[in-house]
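The values are calculated or read from the model by the stated rules, or taken from the named source; none is laboratory data. For clarity, every value in this text was computed on a predicted model and none was experimentally measured. Please note: Cβ atoms are built from the backbone with ideal geometry, for glycine as well, and neighbour counts cover all protein chains shown. Ligands, DNA and RNA are excluded from the accessible area calculation, which covers all protein heavy atoms including side chains. Shrake-Rupley method; radii C 1.70, N 1.55, O 1.52, S 1.80 Å.
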Amino acid sequence: MEEKYLKKLEYDKVIGKLADHAVSAPGRALCLALEPSDNIYEIRRWQRETSEAFTLLVSRGRPVFSGLKDIRQSVERTAKGAILTMGELLDIAGLLSGTEMMKTYGKHVREDESYPCLDPIFMGLNPLNAVEREIRRCIASEEEMFDHASPKLASIRKEIRINQERVRSHLQGMLHSATYRTMLQDAVITQRNGRYCIPVKAEYKGNVPGMVHDQSGSGSTVFVEPMAVVQLNNRATELALEEEKEIRRILAELSDLVHGAASELLADLDLLVQLDFLFAKAKLALDQNAVEPVFGETMEIELKNARHPLLKQSSVVPITIYIGQGFTTLVVTGPNTGGKTVTLKTLGLLQAMGQAGLHIPASGQPKLSVLDQIFADIGDEQSIEQSLSTFSSHMVNIVEILKKVTPFSLVLFDELGAGTDPVEGAALANAILEYLRTRKILTVATTHYSELKVYALSTEGVENASCEFDVDTLQPTYRLLIGVPGKSNAFAISRRLGLSEEIIEHAGDLLESNDVQFEEMMTDLELRRRAQEEEQARIENLRKEADRLKHQVESEKRTLDDQKEAILQKAREEARDVLQKAKAEADETLREMNRLIREGQTVDIRTLEQMRTRLREEADKARKQSEKEDTGAVRQIRPEDLRPGVQIKMKGFDQICTVQQAPDNRGRLMIQAGIMKMQIKVSDVESIEGEEAAPGPKTSGGKGTSAGSFGKAQSIHLEVDLRGMTTEEALSVLDKYLDDAYLAGVPKVTVIHGKGTGVLRKACQQFLKRSKLVRSYRLGTYGEGESGVTIVEMKGH
């Protein structure tokens, strides 16, 4: 796209904001060089990159591009044998440290994470930890190298310190000597030309043997290097040269190390700069509350609640604009300062931003097209607040646009045909729009000409739009209304500003009748539109109120259900306590009976049987009460619970029915009631009574026992079959069966509970574990029924 048209749309200012979000100089350069693309695949890839960076930015926070400096020249110099400075080497170490941080930032936190565009970049980063460690091991700062950078450097510096200490010790002796004390200007040791000296009064310089290296500005002090330390100072100079030579050798080794990793370093730099650029786009999207647009292959643009990215987001009025869907030309009318130019710039600028891979400030899923050019005639270097230009400058731009325009272009005209005779200007504007319409080129034009409003109303493929203006406040609302032509509102504004009514009436008389009728039609359309908007707003408020009431009722219902469940749970617990108490009393009675039998006392069998029966009835009563409480709960009948064989009760039908076929996708199931089969709805089921009843405890035969068994031996079975029962039913049958088996003196019984899901087996074994009549129990072995049965060993009397 041509730079001059992008500049008219203020694309360069958006790019400037983008560059402000980049951290590195190369990253800012990439931002400033960003231009819209006309390749749909490239655009989509750019948009995906921005979206992935945005997701990471929101979920993990802003990445830290620590140490991201342009090391390209330093690395390239090593190829020519150059020795890098300590500062340059530290910049390289900083880049590698930042590479490590960014590689860690890009690691997946969850297994289901995937960033197809950014993952290859993160995986391509190579921190070169060995290179970074070696640089940081040797270099302390831009001007200092560690002693331990090499053994030789450590030795040289150690000798330097020793030599310095000797020099200082000798000079300190002279400073405190009675011989030289009066000859010295100050009792201090100083350096001149890199050699240690003492300040001597000028009149005594011949009394202190040594070399004069300097004198004060007044000439009263000379700086003398005593002969006693000349050799030591000479050695200090030699050591300094050796130190500098060793440091240079170490820097050369580090530079060779950098040269050996040059390709990896430059690759890391390029990848980090690319990430800096991508995250700059993500930061801009976050600041503008922008979203990813969708690019189609048709010439259609649809923006909902679009906002100009350079205006203050808290005060800008969003606009909804679309073109290409039923019409290719949009004529926007309305008063000055009403937002027409902002509308043009918003449309063109967001389209350019989208084709540059930037997210755009709009809502929903904006739809853009791939354009080869965006042409804009909005005046020379004009801003949003000003839109003044001469007719000739407009026409020069229009002529150039009409020469270059293609079916894949977007053309934006501001005040088309203005600056000349209104009749001729309107005719020219009409002809230009018709030229573009017949070629199906997307065109948006702003105007004040009523002739263009009529043209839009009467021409297929052309649509009117207006920027709303509030006559009462004399202020524009900046809302764009597509399908409604705008009014100039000149008379209304003049009347509000106090213009004489006589003048306004005379002006009205001068208007042609067609103009008056047209304005009246515009007024009628505007009134109808406002009434429709008010009605829609009222309907929306009613809908929101209905939703609120619905949520309130659902919340109150959930609260009541929770309270009801809590009350029922408490009742069930109380019923279980009663049941447990009755069972305990029954167990105590049985123990008393057995004790009397062991002691040989006479027992009234009938009395004991009656006592046991009474206790059993009380226990059954408590159990039934618990079941009744459970039944009283609001139980949700789920279709998956209605399996074949399940017994149910149907509403209004006092008979147990059996499910024959599970519910179908319409919620209908087949049941059998006696000899009759019928199809009912799931909602007709009142309750689930349990699985289909088994024939009852199976008989496997048993031997008679002694008379102490109260005659039970001949009727008790050695196994009990609980399959097909609910847990409550099974435990009740098992409890009575164990009592009978204990009274009959049966040493071992088999409980058949089946394999299934294991729920019934677990409940039975927990019951056996608590029973005082059971000595031990185990699962069946091969030939006994395996995990489908439990073998129970009873306690003796």
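Of note:
- Overall form of the stretch 53-187 per C-alpha gyration tensor (a/c, 1.5; a/b vs b/c): prolate
- Take the Cβ atoms of S315 and D20, set R0 to 22 Å, and the FRET efficiency comes out at 0.55.
- Between the amide H of K748 and those of M794, distances stay under 5 Å, these residues lying 5 or more places away or on another chain, with hydrogens modeled in the peptide plane.
- Length gained on full extension, E3 to L241: 79.8 nm, using 0.36 nm per residue less the C-alpha separation.
- Surface per residue (accessible, 1.4 Å probe) for the stretch 112-225, Å²: 57 Å²
- The stretch 4-65 and the stretch 134-158: distance between their alpha carbon centers, rounded to Å: 43 Å
- In this structure, the amide hydrogen of Y478, modeled 1.01 Å from its nitrogen in the peptide plane, lies closer than 5 angstrom to those of E468, counting only residues at least 5 positions away or on a different chain.
- Heavy-atom accessible area per residue - the stretch 719-797, 1.4 Å, Å²: 48 Å²
- Candidate lysines - alpha carbon under 18 Å from K564, same-chain residues fewer than 8 apart omitted: K628
- Split the accessible area of the stretch 307-464 by element, probe 1.4 Å, and carbon with sulfur accounts for 56%.
- Here the simple spin-label model places points 7 Å from the Cα toward Cβ, and for K581 and K651 these points are separated by 3.8 nm.
- Residue pairs exceeding 19 angstrom between C-alpha atoms, taken from K304/K550; K283/K312; K8/K345: K304/K550.
- Euclidean distance between Cα centres, the stretch 755-797 to the stretch 328-366, Å: 78 Å
- A 1.4 Å probe run over the stretch 529-579, with the rest of the protein chains in place, finds 84 Å² accessible per residue.
- Along the stretch 205-218 the Karplus relation, 6.51 cos²θ - 1.76 cosθ + 1.60 evaluated at θ = phi - 60°, assigns HN-Hα couplings of 5, x, 8, 10, x, x, 9, 8, 9, 6, 9, 6, x, 7 Hz to successive residues, with x for each Gly and Pro.
- Lysine pair count for the stretch 734-797 (Cα-Cα distance under 16 Å; residues 8 or more apart in sequence or on different chains): 9.
- Electrostatic tally near G106: other residues with Cβ closer than 12 Å to its Cβ, Lys and Arg +1, Asp and Glu -1, net -1.
- Taking amide H as placed 1.01 Å from N in the peptide plane, the amide H of R192 sits under 5 Å from that of C197, each at least 5 places away or on another chain.
- Just the protein heavy atoms count here, and of the accessible area of the stretch 61-130 at 1.4 Å, carbon and sulfur take up 53 percent.
- For the peptides 49-57, 533-541, residues were scored by their other Cβ atoms within 10 Å and the scores averaged per peptide; the highest-first order is 49-57, 533-541.
- Within straight-line cross-link reach of K158, lysines at Cα separation under 28 Å, skipping those fewer than 8 residues along the same chain: K245
- Within the accessible area of the stretch 178-238 (1.4 Å probe), percent carbon and sulfur: 48 percent
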